[in-house]
Amino acid sequence: MLTLVEVQDFLQKAGRGEVDSSRLEPLIEKFGEECKDALRKQLTKRGDYRIRMSGLGRPLCQQQLEKQGMKQDVAYNDIMRFLMGDLVEAVAIFVLKATGVKIVDEQRQCTVDLAGQEVKGTLDVILDIDGEEKVWDIKSASPWSFSNKFSGRGGYDVIKEDDPFGYIMQGHLYAKAEDRPFGGWIVIDKSSGEWDFVQAPEDQTEDSKTYIAEAESRVESIVNDAPFKVPFQSVPETYTVKGNKIETGNRLMPKTCTFCSFKENCWKSAEYAPKVTSKAKFKPNAWYTKLVTKEL
(Lines give C-alpha, C1' and ligand atoms only; values in the text may rest on other atoms or scores of the structure.)
Protein backbone atom coordinates (compact mmCIF):
# COMPACT_ATOMS: atom_id res chain seq x y z
CA MET A 1 0.00 0.00 0.00
CA LEU A 2 1.44 3.35 -1.10
CA THR A 3 0.49 5.15 2.12
CA LEU A 4 2.50 2.67 4.20
CA VAL A 5 5.53 3.19 1.95
CA GLU A 6 5.17 6.96 2.38
CA VAL A 7 5.08 6.62 6.17
CA GLN A 8 8.10 4.32 6.18
CA ASP A 9 10.01 6.70 3.90
CA PHE A 10 9.26 9.69 6.13
CA LEU A 11 10.32 7.86 9.30
CA GLN A 12 13.55 6.68 7.66
CA LYS A 13 14.38 10.24 6.64
CA ALA A 14 13.51 11.50 10.13
CA GLY A 15 15.80 8.87 11.62
CA ARG A 16 18.64 10.09 9.41
CA GLY A 17 18.02 13.71 10.36
CA GLU A 18 16.89 14.60 6.85
CA VAL A 19 13.57 16.18 7.82
CA ASP A 20 13.17 19.94 8.25
CA SER A 21 11.77 20.00 11.77
CA SER A 22 10.92 23.71 11.56
CA ARG A 23 8.07 22.99 9.14
CA LEU A 24 6.69 20.48 11.64
CA GLU A 25 6.53 22.91 14.56
CA PRO A 26 2.73 23.47 14.33
CA LEU A 27 2.22 19.69 14.25
CA ILE A 28 4.51 19.27 17.25
CA GLU A 29 2.47 21.82 19.21
CA LYS A 30 -0.75 20.02 18.28
CA PHE A 31 0.78 16.68 19.33
CA GLY A 32 1.65 18.18 22.73
CA GLU A 33 -1.96 19.25 23.25
CA GLU A 34 -3.21 15.79 22.30
CA CYS A 35 -0.86 14.24 24.87
CA LYS A 36 -2.28 16.54 27.54
CA ASP A 37 -5.80 15.57 26.51
CA ALA A 38 -4.87 11.88 26.75
CA LEU A 39 -3.66 12.33 30.33
CA ARG A 40 -6.76 14.29 31.32
CA LYS A 41 -9.00 11.65 29.77
CA GLN A 42 -7.37 8.74 31.61
CA LEU A 43 -7.14 10.59 34.95
CA THR A 44 -10.73 11.83 34.91
CA LYS A 45 -13.34 9.77 36.73
CA ARG A 46 -15.72 8.03 34.36
CA GLY A 47 -19.29 9.29 34.30
CA ASP A 48 -22.48 7.23 34.28
CA TYR A 49 -22.70 4.33 31.87
CA ARG A 50 -23.86 5.03 28.36
CA ILE A 51 -23.88 2.94 25.22
CA ARG A 52 -20.99 3.84 22.95
CA MET A 53 -19.87 2.59 19.56
CA SER A 54 -16.47 1.62 20.95
CA GLY A 55 -18.07 -0.74 23.45
CA LEU A 56 -20.92 -2.35 21.52
CA GLY A 57 -18.69 -5.00 19.98
CA ARG A 58 -17.77 -6.37 23.39
CA PRO A 59 -19.85 -9.26 24.79
CA LEU A 60 -23.36 -8.23 25.83
CA CYS A 61 -22.90 -9.65 29.34
CA GLN A 62 -19.98 -7.29 29.96
CA GLN A 63 -22.02 -4.26 28.94
CA GLN A 64 -24.94 -5.35 31.09
CA LEU A 65 -22.75 -5.58 34.19
CA GLU A 66 -21.21 -2.22 33.41
CA LYS A 67 -24.67 -0.67 33.15
CA GLN A 68 -25.60 -2.23 36.51
CA GLY A 69 -22.64 -0.46 38.08
CA MET A 70 -20.92 -3.71 39.01
CA LYS A 71 -17.50 -3.09 40.53
CA GLN A 72 -14.74 -3.76 38.03
CA ASP A 73 -11.48 -5.55 38.75
CA VAL A 74 -8.99 -2.89 37.63
CA ALA A 75 -5.29 -3.78 37.55
CA TYR A 76 -2.78 -1.06 38.43
CA ASN A 77 -1.30 -1.20 34.91
CA ASP A 78 -4.62 -0.81 33.08
CA ILE A 79 -4.37 2.96 33.05
CA MET A 80 -0.87 2.65 31.58
CA ARG A 81 -2.12 0.41 28.78
CA PHE A 82 -4.95 2.80 27.94
CA LEU A 83 -2.67 5.82 28.14
CA MET A 84 -0.05 4.20 25.91
CA GLY A 85 -2.78 3.45 23.39
CA ASP A 86 -3.86 7.10 23.37
CA LEU A 87 -0.28 8.32 23.01
CA VAL A 88 0.47 5.93 20.14
CA GLU A 89 -2.68 7.20 18.46
CA ALA A 90 -1.47 10.80 18.82
CA VAL A 91 1.93 9.83 17.38
CA ALA A 92 0.21 8.12 14.45
CA ILE A 93 -1.81 11.24 13.61
CA PHE A 94 1.34 13.36 13.85
CA VAL A 95 3.27 11.06 11.50
CA LEU A 96 0.41 10.86 9.00
CA LYS A 97 0.20 14.65 8.86
CA ALA A 98 3.97 15.05 8.63
CA THR A 99 4.07 12.49 5.83
CA GLY A 100 1.52 14.45 3.85
CA VAL A 101 -1.29 11.90 3.94
CA LYS A 102 -4.58 13.71 3.33
CA ILE A 103 -6.57 13.71 6.57
CA VAL A 104 -10.20 14.67 6.06
CA ASP A 105 -11.02 14.67 9.78
CA GLU A 106 -9.69 13.29 13.05
CA GLN A 107 -11.14 12.53 16.49
CA ARG A 108 -14.57 13.26 15.06
CA GLN A 109 -17.64 12.96 17.27
CA CYS A 110 -20.32 10.97 15.47
CA THR A 111 -23.72 9.46 16.16
CA VAL A 112 -25.78 6.62 14.74
CA ASP A 113 -29.38 5.62 15.40
CA LEU A 114 -29.66 2.04 16.64
CA ALA A 115 -32.96 0.56 17.78
CA GLY A 116 -34.32 4.05 18.35
CA GLN A 117 -31.34 5.10 20.46
CA GLU A 118 -28.78 7.75 19.55
CA VAL A 119 -25.44 6.02 20.07
CA LYS A 120 -22.36 8.24 20.15
CA GLY A 121 -18.73 7.59 19.40
CA THR A 122 -15.42 9.19 18.47
CA LEU A 123 -13.79 7.89 15.32
CA ASP A 124 -10.01 8.11 14.98
CA VAL A 125 -9.42 9.40 11.48
CA ILE A 126 -10.88 9.75 7.99
CA LEU A 127 -8.25 9.48 5.26
CA ASP A 128 -8.47 10.44 1.60
CA ILE A 129 -6.36 7.86 -0.22
CA ASP A 130 -6.35 8.05 -4.01
CA GLY A 131 -9.47 10.20 -3.96
CA GLU A 132 -11.51 7.83 -1.78
CA GLU A 133 -12.46 8.83 1.75
CA LYS A 134 -12.60 6.01 4.30
CA VAL A 135 -12.89 5.70 8.08
CA TRP A 136 -9.80 4.20 9.73
CA ASP A 137 -9.23 3.06 13.31
CA ILE A 138 -5.78 3.38 14.91
CA LYS A 139 -4.58 0.52 17.11
CA SER A 140 -1.44 -0.09 19.14
CA ALA A 141 -0.59 -3.78 19.32
CA SER A 142 1.71 -6.18 21.12
CA PRO A 143 4.32 -7.90 18.94
CA TRP A 144 2.28 -11.13 18.89
CA SER A 145 -0.96 -9.33 18.06
CA PHE A 146 0.74 -7.23 15.38
CA SER A 147 2.14 -10.31 13.61
CA ASN A 148 -0.70 -12.77 14.16
CA LYS A 149 -3.89 -10.70 14.36
CA PHE A 150 -3.25 -7.70 12.15
CA SER A 151 -0.16 -7.90 9.94
CA GLY A 152 1.74 -10.95 8.66
CA ARG A 153 -0.47 -13.99 9.26
CA GLY A 154 -3.35 -11.79 10.38
CA GLY A 155 -5.82 -9.49 8.67
CA TYR A 156 -9.53 -8.68 8.56
CA ASP A 157 -10.69 -12.30 8.27
CA VAL A 158 -8.44 -13.44 11.13
CA ILE A 159 -9.77 -10.68 13.39
CA LYS A 160 -13.31 -11.61 12.35
CA GLU A 161 -12.78 -15.18 13.63
CA ASP A 162 -11.75 -14.00 17.11
CA ASP A 163 -12.80 -10.44 17.96
CA PRO A 164 -13.41 -10.20 21.74
CA PHE A 165 -13.02 -6.41 21.72
CA GLY A 166 -15.43 -5.86 18.84
CA TYR A 167 -13.00 -4.09 16.52
CA ILE A 168 -14.92 -4.97 13.35
CA MET A 169 -18.33 -3.91 14.68
CA GLN A 170 -16.78 -0.68 15.93
CA GLY A 171 -15.35 0.08 12.48
CA HIS A 172 -18.64 -0.58 10.69
CA LEU A 173 -20.55 1.57 13.18
CA TYR A 174 -18.23 4.53 12.58
CA ALA A 175 -18.53 3.96 8.85
CA LYS A 176 -22.34 3.93 9.02
CA ALA A 177 -22.37 7.10 11.10
CA GLU A 178 -20.24 8.87 8.49
CA ASP A 179 -21.81 7.21 5.43
CA ARG A 180 -18.34 6.25 4.26
CA PRO A 181 -16.62 2.87 3.81
CA PHE A 182 -14.62 1.33 6.65
CA GLY A 183 -10.97 1.43 5.58
CA GLY A 184 -9.57 -0.85 8.27
CA TRP A 185 -6.89 -0.37 10.91
CA ILE A 186 -3.67 1.59 11.10
CA VAL A 187 -1.69 -0.64 13.44
CA ILE A 188 1.55 0.14 15.26
CA ASP A 189 3.64 -2.46 17.08
CA LYS A 190 4.22 -0.75 20.43
CA SER A 191 7.47 -2.68 20.92
CA SER A 192 9.19 -2.47 17.52
CA GLY A 193 7.49 0.66 16.18
CA GLU A 194 6.51 -1.10 12.95
CA TRP A 195 3.43 0.09 11.04
CA ASP A 196 0.85 -1.57 8.86
CA PHE A 197 -2.38 -0.59 7.16
CA VAL A 198 -4.75 -3.54 7.55
CA GLN A 199 -7.46 -3.09 4.97
CA ALA A 200 -11.10 -4.07 5.26
CA PRO A 201 -12.65 -5.75 2.19
CA GLU A 202 -13.84 -3.55 -0.66
CA ASP A 203 -17.24 -5.24 -0.63
CA GLN A 204 -18.59 -4.62 2.85
CA THR A 205 -22.32 -4.85 2.16
CA GLU A 206 -23.02 -8.14 3.94
CA ASP A 207 -20.63 -7.59 6.84
CA SER A 208 -21.97 -4.10 7.45
CA LYS A 209 -25.56 -5.37 7.42
CA THR A 210 -24.71 -8.23 9.80
CA TYR A 211 -22.76 -6.16 12.31
CA ILE A 212 -25.24 -3.27 12.34
CA ALA A 213 -28.11 -5.71 12.95
CA GLU A 214 -26.17 -7.32 15.82
CA ALA A 215 -25.41 -3.88 17.27
CA GLU A 216 -29.11 -2.99 17.19
CA SER A 217 -29.97 -6.25 18.94
CA ARG A 218 -27.45 -5.51 21.69
CA VAL A 219 -28.78 -1.98 22.15
CA GLU A 220 -32.30 -3.36 22.57
CA SER A 221 -31.08 -5.89 25.14
CA ILE A 222 -29.19 -3.24 27.12
CA VAL A 223 -32.00 -0.68 27.06
CA ASN A 224 -34.67 -3.26 27.97
CA ASP A 225 -32.51 -4.87 30.70
CA ALA A 226 -32.61 -8.32 29.14
CA PRO A 227 -31.96 -11.19 31.59
CA PHE A 228 -28.27 -11.56 32.35
CA LYS A 229 -26.53 -14.79 31.47
CA VAL A 230 -22.95 -15.90 30.97
CA PRO A 231 -22.82 -17.09 27.35
CA PHE A 232 -19.42 -18.77 27.63
CA GLN A 233 -18.40 -22.20 28.92
CA SER A 234 -15.17 -23.12 30.68
CA VAL A 235 -12.92 -25.45 28.70
CA PRO A 236 -11.05 -28.58 29.80
CA GLU A 237 -7.29 -28.22 30.16
CA THR A 238 -5.45 -30.76 28.04
CA TYR A 239 -1.96 -31.80 27.04
CA THR A 240 -0.67 -34.23 24.43
CA VAL A 241 1.43 -37.36 24.92
CA LYS A 242 2.50 -39.29 21.80
CA GLY A 243 -0.35 -37.79 19.83
CA ASN A 244 -2.98 -38.56 22.47
CA LYS A 245 -4.86 -35.71 24.11
CA ILE A 246 -5.11 -36.09 27.88
CA GLU A 247 -7.25 -34.01 30.24
CA THR A 248 -5.75 -32.75 33.50
CA GLY A 249 -9.10 -32.57 35.25
CA ASN A 250 -8.77 -28.79 35.44
CA ARG A 251 -10.94 -26.31 33.59
CA LEU A 252 -9.80 -23.04 32.08
CA MET A 253 -11.71 -19.80 31.94
CA PRO A 254 -13.01 -19.02 28.43
CA LYS A 255 -10.51 -16.85 26.58
CA THR A 256 -13.00 -14.00 26.07
CA CYS A 257 -13.69 -13.86 29.81
CA THR A 258 -10.00 -13.50 30.68
CA PHE A 259 -10.05 -10.03 29.09
CA CYS A 260 -13.12 -8.92 31.06
CA SER A 261 -12.87 -6.75 34.18
CA PHE A 262 -15.99 -8.46 35.59
CA LYS A 263 -14.65 -12.03 35.33
CA GLU A 264 -14.57 -12.61 39.09
CA ASN A 265 -18.27 -11.77 39.27
CA CYS A 266 -19.14 -14.57 36.86
CA TRP A 267 -16.43 -17.04 37.89
CA LYS A 268 -16.37 -16.61 41.66
CA SER A 269 -14.07 -19.56 42.36
CA ALA A 270 -11.57 -18.66 39.65
CA GLU A 271 -7.86 -18.92 40.43
CA TYR A 272 -4.96 -17.23 38.65
CA ALA A 273 -2.27 -19.87 38.92
CA PRO A 274 0.81 -21.20 37.10
CA LYS A 275 -0.16 -23.08 33.93
CA VAL A 276 -0.12 -26.75 34.89
CA THR A 277 0.70 -28.05 31.40
CA SER A 278 3.55 -25.61 30.77
CA LYS A 279 7.05 -27.07 30.60
CA ALA A 280 8.72 -23.70 31.07
CA LYS A 281 11.02 -23.16 34.04
CA PHE A 282 8.98 -20.12 35.01
CA LYS A 283 5.43 -21.06 34.14
CA PRO A 284 3.06 -18.39 32.83
CA ASN A 285 -0.14 -17.92 34.81
CA ALA A 286 -3.59 -18.86 33.56
CA TRP A 287 -7.15 -18.38 34.80
CA TYR A 288 -8.67 -21.59 36.12
CA THR A 289 -12.35 -22.04 36.96
CA LYS A 290 -11.51 -25.44 38.45
CA LEU A 291 -8.04 -26.38 39.69
CA VAL A 292 -7.70 -29.88 41.13
CA THR A 293 -4.43 -30.97 39.52
CA LYS A 294 -1.57 -28.56 40.20
CA GLU A 295 1.31 -30.69 38.94
CA LEU A 296 1.68 -33.36 36.25
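The values are calculated or read from the model by the stated rules, or taken from the named source; none is laboratory data. These numbers were taken from a predicted model, which means no experiment stands behind them. Please note: Cβ atoms are built from the backbone with ideal geometry, for glycine as well, and neighbour counts cover all protein chains shown.
Rundown of residues vs (1) charged (D, E, K, R); (2) within 20 Å of Pro201 (Cβ to Cβ), yes/no style:
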{"position": "Met84", "(1), (2)": "no, no"}
{"position": "Glu89", "(1), (2)": "yes, no"}
{"position": "Val112", "(1), (2)": "no, no"}
{"position": "Gln117", "(1), (2)": "no, no"}
{"position": "Thr122", "(1), (2)": "no, no"}
{"position": "Gly131", "(1), (2)": "no, yes"}
{"position": "Gly152", "(1), (2)": "no, yes"}
Within the stretch 14-27, how many residues turn out to be out of contact with any helix residue (DSSP H, G or I) (no Cβ under 6 Å at 6 or more places or on another chain) and surrounded by 12 or more Cβ atoms within 10 Å (Cβ to Cβ)?
-> 1
List pairs: first in the stretch 31-49 and under 18 Å from Glu66 (Cβ atoms), second aliphatic (A, V, I, L, M), Cβ under 7 Å, 6+ apart or cross-chain?
-> Gln42/Ile79; Gln42/Leu83
Would you tally the residues in the stretch 117-148 being farther than 24 Å from Lys41 by Cβ and within 11 Å of the chain's Cα centre (by Cα)?
-> 0
Can you tell which of Glu89, Glu34 is at pLDDT 95 or above, within 17 Å of the chain's Cα centre (by Cα) and either surrounded by 15 or more Cβ atoms within 10 Å (Cβ to Cβ) or among the aromatic types (Phe, Trp, Tyr) (or both)?
-> Glu89
Selection from the stretch 160-208 of residues that are more than 19 Å from Gly121 (Cβ to Cβ) and touching a Leu at 6+ places or on another chain (Cβ under 9 Å) = Gly193, Trp195, Asp196, Phe197
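Does Gln63 fit the bill of being in the same structural domain as Ile168 (by TED's automatic domain parsing), under 30 Å from Ala226 (Cβ atoms), part of a helix (DSSP H, G or I) and polar (S, T, N, Q)?
Numbers: in the same structural domain as Ile168 (by TED's automatic domain parsing): yes; under 30 Å from Ala226 (Cβ atoms): yes; part of a helix (DSSP H, G or I): yes; polar (S, T, N, Q): yes.
When the stated conditions are applied, Gln63 passes them.
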Please determine, by comparing only the residues of the stretch 92-116 that are free of Cβ contacts under 8 Å to residues at least 24 places away in the same chain and more than 22 Å from the chain's Cα centre (by Cα), which one is nearest to Glu29 (Cα to Cα).
-> Asp113
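So is Leu114 assigned by TED's automatic domain parsing to the domain that holds Gly57 and touching a helix residue (DSSP H, G or I) at 6+ places or on another chain (Cβ under 7 Å) or not?
Values: assigned by TED's automatic domain parsing to the domain that holds Gly57: yes; touching a helix residue (DSSP H, G or I) at 6+ places or on another chain (Cβ under 7 Å): yes.
Here the answer is yes, as Leu114 does meet what is asked.
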Taking helices (runs of 4 or more DSSP H) that fall entirely within the stretch 178-296, which contain at least 1 residues that are surrounded by fewer than 19 Cβ atoms within 10 Å (Cβ to Cβ) and assigned by TED's automatic domain parsing to the domain that holds Gln63?
-> 205-223
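Here's the yes/no breakdown for (1) under 28 Å from Leu173 (Cα atoms); (2) touching a residue at least 60 places away in the same chain (Cβ under 8 Å):
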| site | (1), (2) |
| --- | --- |
| Leu11 | no, yes |
| Gly17 | no, no |
| Ser21 | no, no |
| Leu60 | yes, yes |
| Leu65 | yes, yes |
| Ala75 | no, no |
